[in-house]
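Computed from the coordinates by the stated procedures, all read-outs in this text should not be read as laboratory data. Predicted model only: the values in this text are computed from it and were never measured. Here the Cβ is made from the backbone with ideal geometry for all residues, glycine too, and neighbour counts use every protein chain on show.
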Amino acid sequence: MSHPMPSTVRSDDLLRHLQDLRSGTYEGTLSRAAKEVVYRQGIKLLRSVAVEILEEANTLFLNGTGNVQMIGPEEDGSGGLVTRFELSWPEQRRAQVIRGPKGPLQPVRIVVNYSQGELHPHLSGTTAGFWPFQVTSAADAGRQKGVLAVIVELELHQRIFETDWRILPI
């Protein structure tokens, strides 16, 4: 596929996503089992990029007090797979949501979800939209850095909105 090189708009993932939708495949694979293999390989490739972004946020906004962890890939309880990269910190773990549905304040999350019945997986946060998860190489994983940074920034702002600006120890 040859397309003009955009200066700002990321086209590769969306164009590959559209090709998958047209063909009913995910990165050339047709069966659910084969697609899950591609998903798991993509997670391995994405791991260092996601952790790097969360560690950067930990340094910039949490004075290094946070804890980054990867959970999954694991069953999502509905026949699909989910992987979460999470950033938690002491103030967040003690906080309760005061705006929105009440409960404990959740960690900042990057989520890679491959729900049952979906053609292919997606990247998101807990409140952000869904980006195509088209990761089959280190270059693909690196290209996600901007999307992951936006997800993390949005997630941090959401935690401020749900509680108070003092949730960040800076």
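Among the trypsin sites (Lys or Arg not before Pro) within the range 64-149, those in coil by DSSP and having at most 12 neighbouring Cβ atoms inside 10 Å are Arg99, Lys102. Straight Cα distances below 22 angstrom link Lys145 to the lysines Lys44, with same-chain residues fewer than 8 positions distant left out. Listed by chain and number, the aspartates and glutamates whose alpha-carbon sits under 17 Å from that of Lys35, ignoring those within fewer than 8 places in the same chain, are Asp13, Asp20, Glu27, Glu74, Glu75, Asp76, Glu118, Asp140. Please identify, among Pro90, Pro121, Pro73, the residue showing maximal mean-square fluctuation in a Gaussian network model of the chain using a 10 angstrom Cα cutoff. Looking only at Pro90, Pro121, Pro73, the biggest GNM fluctuation is shown by Pro90. The long axis of helix 145-162 is offset from the longest Cα principal axis of the chain by roughly 40 degrees.
Are there chymotrypsin sites (Phe, Trp or Tyr not before Pro) in the range 84-170 that DSSP puts in a loop and that have at most 13 other Cβ atoms within 10 Å, and which ones? Here the chymotrypsin sites (Phe, Trp or Tyr not before Pro) that fit, given the DSSP loop and packing criteria, are Phe130. When the chain is treated as a GNM with alpha-carbon contacts under 10 Å, the residue of Thr59, Thr83, Thr136 showing the greatest mean-square fluctuation is Thr59.
Annotation: for a label point projected 7 angstrom from Cα along Cα→Cβ of Gln41, residues of the range 121-144 with backbone N closer than 11 Å are 135-138. For the pair Lys102 and Ser23, the difference between a 0.36 nm per residue extended length and the Cα-Cα distance amounts to 24.2 nm.
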